[in-house]
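Sharing a structure below in structure tokens format, with a few things to ask.
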Amino acid sequence: MFGDMMGMMNKLKEAQAKVEETKKRLNTVTLEEKSSDNLLSVNITANREIKNISISDELLKDKEQLEDYLILTLNKAIAQATKINEAELGAAAKDGLPNIPGMDMFK
């Protein structure tokens, strides 16, 4: 019984290490989201850290329009990054977890 517990504890530590490695790797995955007319571009990591925002001169003339563009494009970029982040971290956690009957959390 204790051997099984030690094995499970080791598996959990391995899973935690895989998740941490995945988090570090996701810092290097960069996504780009653009407005439909390409006047605004946002670069974001899969860990949802904004790296760059590019704004056309045309948008700088209209504060209200720029604010609208920023909200829409940033929200799309964050949603895209979140989708990748959750899928990658979920896969890393599932692969490293021990097989415990009744604990099928990631189905």
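Here, each number is a calculation from the coordinates, and none is a lab measurement. Only a predicted model underlies this, so the values are computations on that prediction, with no experimental measurement involved. When we count neighbours, we look across all protein chains shown, and the Cβ atoms used for this are built from the backbone with ideal geometry, even at glycine.
Putting +1 on Lys and Arg Cβ atoms and -1 on Asp and Glu Cβ atoms, find which of V42, I78, S54 reaches farthest to the positive end of the dipole of the chain.
Selected residue: I78.
Using 1/(1 + (r/R0)^6) with R0 = 25 angstrom and r between the beta carbons of A91 and K34, what's the FRET efficiency to the nearest 0.05?
Values: r = 28 Å, r/R0 = 1.11.
Between A91 and K34 the formula returns 0.35.
D for the chain, whole µm²/s, Stokes-Einstein with Kirkwood Rh over alpha-carbon pairs at 10 °C and 1.306 mPa s: what number? List each step's numbers first, then the result.
Numbers: Rh = 16.2 Å.
In µm²/s, the coefficient rounds to 98.
For the pair K51 and L74, how long in nm is the line joining their label points, each one 7 Å along Cα→Cβ?
1.9 nm
What percent do you get for the relative contact order of the chain when only Cα pairs under 8 Å and 6+ apart count?
Details: 120 pairs, mean separation 33.9, N = 107.
It rounds to 32 percent for the chain.
Still on this structure, I have one more. Springs between alpha-carbon pairs under 10 angstrom, Gaussian network model over the chain: which of L74, L39, L31 fluctuates most?
Comparing L74, L39, L31 in the GNM, the peak value goes to L39.
Lysine pairs in segment 2-96 with Cα distance under 14 Å, only those 8 or more apart or on different chains: how many are there?
Numbers: K11/K94; K13/K94; K18/K94; K23/K83; K34/K51; K34/K76.
Close lysine pairs found across segment 2-96: 6.
Tilt of helix 63-96 relative to the longest C-alpha principal axis of the chain, in degrees (0 to 90, nearest 10)?
Its long axis makes an angle of about 10 degrees.
As a test of the formula, what do you get for the chain when each DSSP H run with n ≥ 4 contributes -39,500 (n - 2.57) and the sum is divided by the residue count, at 222 nm and rounded to the nearest 500 deg cm²/dmol? Walk me through the intermediate numbers first.
Working: 3 runs with 63 residues, N = 107.
Counting only the DSSP helices, I get -20500 deg cm²/dmol.
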